[in-house]
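**Q** Handing you a structure now.
The values are calculated or read from the model by the stated rules, or taken from the named source; none is laboratory data. This structure is a prediction, so every number in the text was calculated from the model and none was measured. A quick note on method: Cβ atoms are made from the backbone with ideal geometry, for glycine too, and the neighbour counts reach across all protein chains shown.
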Amino acid sequence: MFDLDLLKSFVSVVDAGGFTRASERVHRTQSTVSQQIRKLEAAVGRPLLKRQRAGKGIVPTEEGEILLVYARRLLTIAAEAQDVLFRPEPVAVARLGVPEDFAGRRLTDLLAGFARHHPHIRLDTTSGLSAHLQAGLAAGEIDLALVKREPGDGKSLAHWPERLVWVAGKDADLSEDPVPLAVFPQRCLYRARAIHALERAGRRWRIAYGSQGLIGIQAAVSSGLGISILSTDAVLPDHRLLGEADGFADPAPTELALIAGDGRLPPALKAVAGYLEAALGEGGDISPRIARQPAGDAAVPVRSNGVTVA
């Protein structure tokens, strides 16, 4: 194993072109640096430095050039490790659960904005159905969760109304009976909305396509495989919105809520909650509010309908 002190002196001699200037860089005497180079050469079993003619300084041998590349890498990695392990502010980890339709560009934008303003807090995210996220929160597997739910269904740190719409492919046959549905798995709020709406209207239905992922549902709708209920921000350009004229009444709105487990939030989680509330903004639009986030890692008060949550 190479001694980092020896490697540092070796690199300094090469960069400085001599022992005198190298000793000044590493704050050691010239004789000490010379001893270190001899010790390194003994460990390698090859000469590493040679003196140029006419007093033009010292350069590495062929073996020295090879070692020089690795020495620089080792010293860089060692410096990085020291910086991470001995930094004055340790990194806090916040575990965040997000709905499936956040797993993509929307989540990437949120994470990038948060990282810029809170470099000492790391967000570990997981995505899934809201029912699974709530179970993970109850089990202590995540710290915060953004979930889709019935409006006002329980306490939250913040919440936003979510408009739902019926969607079909551009060329979908709306006369099919029973109505073909493209839906998420059971316990999904959108799936329940679609089935209950059709049953209240006295219409027959069948599951034509099921998927745990939003992309799969969107693709199934686009191809005409089935119709579905989605939030307005999940509608694609090749989707067709359905309304009363098509025989599909507007679905009742749901709610996007930010929830946490019992107990007080530590500063890192308060910062995450405050950022999400401001970044999502009214109606869940993340783009206009990111630039107005406070810098630093100070705890951010969390507000829910004008009430600050400690």
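**Q** Kindly indicate which of G224, G202 is assigned to a loop (DSSP other than H, G, I, E, B) and surrounded by fewer than 14 Cβ atoms within 10 Å (Cβ to Cβ). Lay out the reasoning, then the answer.
**A** Working: G224 fails: surrounded by fewer than 14 Cβ atoms within 10 Å (Cβ to Cβ).
It is G202.
**Q** What number goes with the only condition from (1) touching a Lys or Arg at 6+ places or on another chain (Cβ under 7 Å); (2) of a type in the set (A, V, I, L, M, F, W, C); (3) closer than 17 Å to D250 by Cα that I195 does not pass?
**A** The single condition I195 does not satisfy is (1).
**Q** Those residues that are on the phi < 0 side of the Ramachandran plot and not aliphatic (A, V, I, L, M), I need them from segment 208-225; list them, please. Show your work before the answer.
**A** First, the residues of segment 208-225 that are on the phi < 0 side of the Ramachandran plot: 208-223, 225.
Y209, G210, S211, Q212, G213, G216, Q218, S222, S223 - these are the residues of segment 208-225 that are on the phi < 0 side of the Ramachandran plot and not aliphatic (A, V, I, L, M).
**Q** Condition test on R187, is it touching a residue at least 24 places away in the same chain (Cβ under 8 Å) and at positive phi? Talk me through it step by step, then tell me what you get.
**A** Numbers: touching a residue at least 24 places away in the same chain (Cβ under 8 Å): yes; at positive phi: yes.
Yes; evaluated as a whole, the condition is true for this residue.
**Q** Kindly indicate which of L133, L123 is modelled with pLDDT under 90 and either on the phi > 0 side of the Ramachandran plot or not assigned by TED's automatic domain parsing to the domain that holds L242 (or both). Show your work before the answer.
**A** Values: L133 fails: modelled with pLDDT under 90.
None of the other options fit; the residue is L123.
**Q** Sticking with this structure for a sec: Do any helices (runs of 4 or more DSSP H) entirely within segment 58-176 hold 2 or more residues that are under 30 Å from A197 (Cα atoms) and among the hydrophobic types (A, V, I, L, M, F, W, C), and if so, which? Full working, then the answer.
**A** On the way: elements: 62-85, 105-117, 130-138.
Here the list reads 130-138.
**Q** Evaluate the following for T108: is it under 19 Å from A278 (Cα atoms) and touching a strand residue (DSSP E or B) at 6+ places or on another chain (Cβ under 7 Å)?
**A** Values: under 19 Å from A278 (Cα atoms): yes; touching a strand residue (DSSP E or B) at 6+ places or on another chain (Cβ under 7 Å): no.
The answer is no for T108.
**Q** Considering only segment 142-152, I want to know if a residue exists there that is closer than 19 Å to G97 by Cα, without any contact (Cβ under 8 Å) to a residue 60 or more places away in the chain, in the same structural domain as P266 (by TED's automatic domain parsing) and not basic (K, R).
**A** Within segment 142-152 (the criterion being closer than 19 Å to G97 by Cα, without any contact (Cβ under 8 Å) to a residue 60 or more places away in the chain, in the same structural domain as P266 (by TED's automatic domain parsing) and not basic (K, R)), the answer is yes, since at least one residue qualifies.
**Q** Being more than 25 Å from the chain's Cα centre (by Cα) and without any contact (Cβ under 8 Å) to a residue 40 or more places away in the chain: is that true of A245 here? Even if it seems obvious, please write down each step before you answer.
**A** Values: more than 25 Å from the chain's Cα centre (by Cα): yes; without any contact (Cβ under 8 Å) to a residue 40 or more places away in the chain: yes.
So A245 fits the description; yes.
**Q** Please specify each residue of segment 227-245 satisfying the condition of being in a helix (DSSP H, G or I) and either at pLDDT 95 or above or small (G, A, S) (or both). Break it down stepwise before answering.
**A** In the first step, residues of segment 227-245 are kept if they are in a helix (DSSP H, G or I); the result is 232-234, 244-245.
Within segment 227-245, A234, A245 qualify.
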